[in-house]
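Single-structure report; data block below.
Readers should treat all values here as calculations from the given coordinates under stated rules, not as data from a laboratory. The structure presented is a predicted model; accordingly, all values stated were derived computationally and were not measured. Neighbour counts run over all protein chains shown; Cβ positions are idealised from the backbone, glycine included.
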Amino acid sequence: MNEMDENLIREMAAEALDVASVDGDPIAQFRRWYAQARSAGIPREDAMTLATLGPGGAPAARIVLYKDLADLGYAEADFPFFTNYESDKAEQLARDARAALVFHWKPPARQVRAEGAVEFLPAGISDAYFATRPRGSQIGAWASPQSRVVPSREYLEEQERALEAEYAGREVPRPPHWGGYVLKPHCIEFWQHRDSRLHDRVRYTLEAGGEWRVERLGP
Ligand SMILES: Cc1cc2nc3c(=O)[nH]c(=O)nc-3n(C[C@H](O)[C@H](O)[C@H](O)COP(=O)(O)O)c2cc1C
């Protein structure tokens with residue numbers, strides 16, 4: 001794991017977070033914070049908790065990884081992640097696309113929350129991203145019936161061995177049951193801890209005309 005850049009973390013924590021200081025575009029603001037978190041070497045800066053609506057509308061949450069797909073030519077203003085299209089979360093999103101996600105960067109004590117609706121990523125982007133994954137992860141995407149009951153660890157390892165034999169010497173194609181989603185936000189909030197407990201919160205809300213309203217919230 002890379003060492004954290006303590007100087008940059010201190011600068012991040014001291015940075016102003018105010019209606020007047022933030023970017024007018026919340027995704028540009030998010031990308032700024034995300035780039036800082038990466039540069040500072042914050043562990044698992046890409047981990048975000050994704051909350052969906054489970055059976056009967058009960059909340060269901062789990063961590064997935066945010067993927068910056070700019071290098072693949074995907075520069076939409078949203079939050080991409082990859083998963084199994086037959087998992088519990090996928091079934092939940094098919095029933096109700098509304099979802100929320102949360103990032104927490106412990107130092108510098110920042111939180112980002114987003115709420116919106118989840119859509120499929122274009123298949124071509126999922127193909128392109130799958131092709132960049134390590135071979136073991138590609139095989140794993142075929143081998144694991146995510147969220148389903150399995151008899152044992154040995155069963156999964158046996159699946160993996162069989163798939164390695166099947167794809168020996170050739171490229172692993174993207175499974176049809178694996179790919180990307182994006183959360184299209186209508187609300188994004190940035191939170192920065194302050195020692196006084198008067199933490200800073202700035203919320204963006206998408207208005208009917210497509211403009212973002214920016215407001216300060218009580219901590
Ligand atoms: C740090 C971390 C990163 C994870 N990243 C992903 C991910 O990118 N995609 C994914 O499908 N599951 C990921 N998982 C596993 C999920 O949290 C979850 O167990 C899995 O997606 C099944 O969720 P579901 O049964 O609600 O569909 C990650 C777990 C952790 C702890």
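Brief remarks on what is shown
- The chain - convex hull of the alpha-carbon atoms, volume per residue in Å³: 159 Å³
- Stretch gain in nm, segment Glu166-Ala75, where the contour uses 0.36 nm per residue and the Cα spacing is subtracted: 29.2 nm
- Charge sum, other residues only, whose C-beta stays under 10 Å from Ser21's C-beta, Lys/Arg counted +1 and Asp/Glu -1: -4
- Gain in span if fully extended, Ser196 to Arg38, counting 0.36 nm per residue against the direct Cα distance: 54.2 nm
- Protection-proxy order for peptides 15-27, 116-128, each taking the mean of Cβ atoms within 10 Å per residue, highest first: 116-128, 15-27
- Region 107-149: mean projected area of Cα convex hull, nm²: 6.0 nm²
- Tensor-based shape of region 67-137 (alpha-carbon gyration tensor, a/c under 1.5 rounded, otherwise prolate or oblate): oblate
- Taking other residues whose beta carbon is less than 14 angstrom from the beta carbon of Ala165, and scoring Lys, Arg as +1 and Asp, Glu as -1, yields -2.
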